[in-house]
1. Sort out which residues of region 70-95 are in a loop (DSSP other than H, G, I, E, B) and modelled with pLDDT of 90 or more, and write them in order of number.
2. Can you name the number of the only condition in (1) more than 20 Å from Arg239 (Cα to Cα); (2) in a helix (DSSP H, G or I); (3) touching a Leu at 6+ places or on another chain (Cβ under 9 Å) that Val52 fails?
3. When you scan region 236-250, do you find a residue that is in a strand (DSSP E or B), under 16 Å from the mean Cα position of the chain (by Cα) and not assigned by TED's automatic domain parsing to the domain that holds Thr113, even just one?
4. Taking the condition of being part of a helix (DSSP H, G or I), closer than 16 Å to Pro60 by Cα and touching a Leu at 6+ places or on another chain (Cβ under 8 Å), how many residues in region 31-49 meet it?
5. Kindly indicate whether Arg283 is in contact (Cβ under 8 Å) with a residue 24 or more places away in the chain, exposed (fewer than 14 other Cβ atoms within 10 Å of the Cβ) and assigned to a helix (DSSP H, G or I).
6. Filter region 224-260 down to the residues that are surrounded by fewer than 17 Cβ atoms within 10 Å (Cβ to Cβ) and of a type in the set (D, E, K, R), then identify the one that is modelled with the highest pLDDT.
7. Spot the failing condition for Gly67; the list is (1) part of a helix (DSSP H, G or I); (2) touching a residue at least 40 places away in the same chain (Cβ under 8 Å); (3) within 23 Å of Arg261 (Cβ to Cβ), and only one is missed.
Amino acid sequence: MSHDPLAMIEYRSDPAIFILGDSRDAVARWRDAAESAGIPVRGTSETISTNVDLPVASVPLAIEIDGDPTSGLLEWLHAEAEAGRRIALSASPSLMDDAIAWHDNIRLSSAPTPMQRLEDLAALVTPASARLHDVGRDGHDMLRKLSEDVGRIAETLATLAEEPETVRGEGEDEALDAAAIRAIIRARRLRENYFPACLFADPAWDMLLDLMAARLEGSPVAVSSLCIASAVPATTALRWIRTLTERGLLVRVADPRDGRRVFIDLSDQTARTLADHLRAARRISPLIL
């Protein structure tokens, strides 16, 4: 007996979506995902244009951009998001650093897997306050597991940030060295020469280390760069960045020279907590793996 991985999601009363793509294949990828999830499709368009006749704002959009965005497209999407429309946007990595792509109502992915598409659709048609039901222990709750994994780690980091005194100790004024943190990162990557990389996937920690080193160097970190530092696929990294930002561990910073770009930084509290941890760990071992 087959199981629908989204069958136990509590949808709102009208969970239909509208699909836009810049090619027939682009539309088909979202349509296939919607059919797998049992989500009705209100309509489709194989042209992404500001002239498309869209349904009311309560109907979410699933958008696939295979090429470069046309002039005015991102501004149009921003206006739709500002009006309350929720959007799942699959596009090239070049959009990762765009401020519009980081609107709270826009869920950005890059070359998402079928399961990641299902997760995006679940986010579109489920009220923000809703959660996936506990569907039991039958092994068919992959979406919930991803959400719980991200949430659990983010909550642990948030707890550390809220209680900095628990990790402070003697030598807390010792200066941290960006080069030493970069050495830690290189040592972590070195493991992949000897063991499968999937054994050590730890994107949250890799991101925190990269951001701490960049902060000490006085260098801004673009979203695309942080995705690379996470050592996981781009769409997975984007999920982590968004979740850690929502939990207050990371902050988005507009590029002062180009307001359309977004940088990512540690929150001040997270930076203090991470610095305390690194100093305490350094007293135990000169190299933290």
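1. Going through region 70-95, the residues in a loop (DSSP other than H, G, I, E, B) turn out to be 70-72, 83-86, 91-92.
The answer is Ala83, Gly84, Arg85, Arg86, Ala91.
2. Answer for Val52: the failing condition is (2).
3. The answer is yes, given that some residue of region 236-250 is in a strand (DSSP E or B), under 16 Å from the mean Cα position of the chain (by Cα) and not assigned by TED's automatic domain parsing to the domain that holds Thr113.
4. The first filter runs over region 31-49 and keeps only residues part of a helix (DSSP H, G or I), leaving 31-37.
The next check asks that each one be closer than 16 Å to Pro60 by Cα; those that pass are 31, 33-35, 37.
Next cut, touching a Leu at 6+ places or on another chain (Cβ under 8 Å) only: 33-34, 37.
Here the count works out to 3.
5. yes
6. Only one residue tops the list, namely Arg252.
7. It is condition (1) that Gly67 fails.
A quick yes/no check of all residues on (1) at pLDDT below 60; (2) among the basic types (Lys, Arg); (3) in contact with a Gly (Cβ under 9 Å, 6 or more places away or on another chain); (4) not in a loop (DSSP other than H, G, I, E, B):
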{"position": "Asp104", "(1), (2), (3), (4)": "no, no, no, no"}
{"position": "Asp120", "(1), (2), (3), (4)": "no, no, no, yes"}
{"position": "Leu124", "(1), (2), (3), (4)": "no, no, no, yes"}
{"position": "Arg131", "(1), (2), (3), (4)": "yes, yes, no, no"}
{"position": "Asp134", "(1), (2), (3), (4)": "yes, no, no, no"}
{"position": "Val150", "(1), (2), (3), (4)": "yes, no, no, yes"}
{"position": "Arg168", "(1), (2), (3), (4)": "yes, yes, no, no"}
{"position": "Asp173", "(1), (2), (3), (4)": "yes, no, no, no"}
{"position": "Ala187", "(1), (2), (3), (4)": "no, no, no, yes"}
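The values are calculated or read from the model by the stated rules, or taken from the named source; none is laboratory data. Not measured: the values here are computed from a predicted model. FYI the Cβ positions are ideal-geometry reconstructions off the backbone, even for glycines, and counts take in every protein chain you see.
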